[in-house]
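Please treat every number below as a calculation from the coordinates, not as lab data. What you see is a predicted model; the values in this text were computed from it and never measured.
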Amino acid sequence: MALISVKTILTSLCLFHITLAYFFYTNPHAIADQALVYVLGEAMGMPHTASFAAPSGSSSFLAVSLLLLGISDLLTLSMPEEIWLLHYWGAQAPLRITLFAFLSLFSYFSTPSYGRSGTSHMSHPLAPPSFVAATEPPGGDGLRNRVFFTFAFLEFISWFWVWVTLKEEAAKVVLRKRRRGSSSINGRGF
C-alpha cells in the first residue's frame, strides 16, 4: 500500500508547476539560486546560466506553459476516478517518464565538460569517455544548464513515483470494479 495516494502526488505536482510558473514570471533568479539546483548542477557538472537573472520573454513563455500544464492536469483530477486513474494518467505517466528521462540525459550528455580536465563528466579515471563532440552541437543551448537539468530530473523522478503508485492503485480499482460486477450478477440470480 502506498504511503501517499496518487491523487495527492498529482495534486502536489500540479501545484508545483503552478508555483514554478509564478516564479518564472516574476523572479526566475529565485529558481536559479535554489540550493537543490546548485547541488544537482555542481554534482553533475552542469554550467550556471545567466538566462534567469531577470524575467524575459522566454521565462514568461515558460511560465504560461507551466501554468497551463498545471491547471489542465489539476482539472483532470476532477473527472471520475476510473477515467483519470485508469485511462488518462495510465497513458500519461509512462510518456512523461520517457520524455523527462530523455531530456535529462540529453542535457547531461550534450553539455561540454564543466570545470574538469578531460572530456568525461564522470570523475572516476576508468569512466568511459563522454560522447560529447569537441565542438558545440548546434541548437539546444538553452537546455544545457543546471536549471533545466534539475527540472527535467525532478520531473522524471516524480513521474516515476506517480507511475509506480498509479499501477498499485489502478489494480485496486479494477479489483473493486470486478467485485461490484460479480456481486451484481450474483444478486440477480444468474
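The HN-Hα couplings worked out from phi for the stretch 31-36 by the Karplus form 6.51 cos²θ - 1.76 cosθ + 1.60 (θ = phi - 60°) are 6, 5, 9, 5, 4, 5 Hz, whole numbers, x standing for Gly and Pro. Per-residue 3J(HN,Hα) values for the stretch 53-61, derived from phi via the Karplus relation 6.51 cos²θ - 1.76 cosθ + 1.60 with θ = phi - 60°, read 5, 9, x, 9, x, 5, 5, 5, 4 Hz in sequence order (x marks Gly and Pro).
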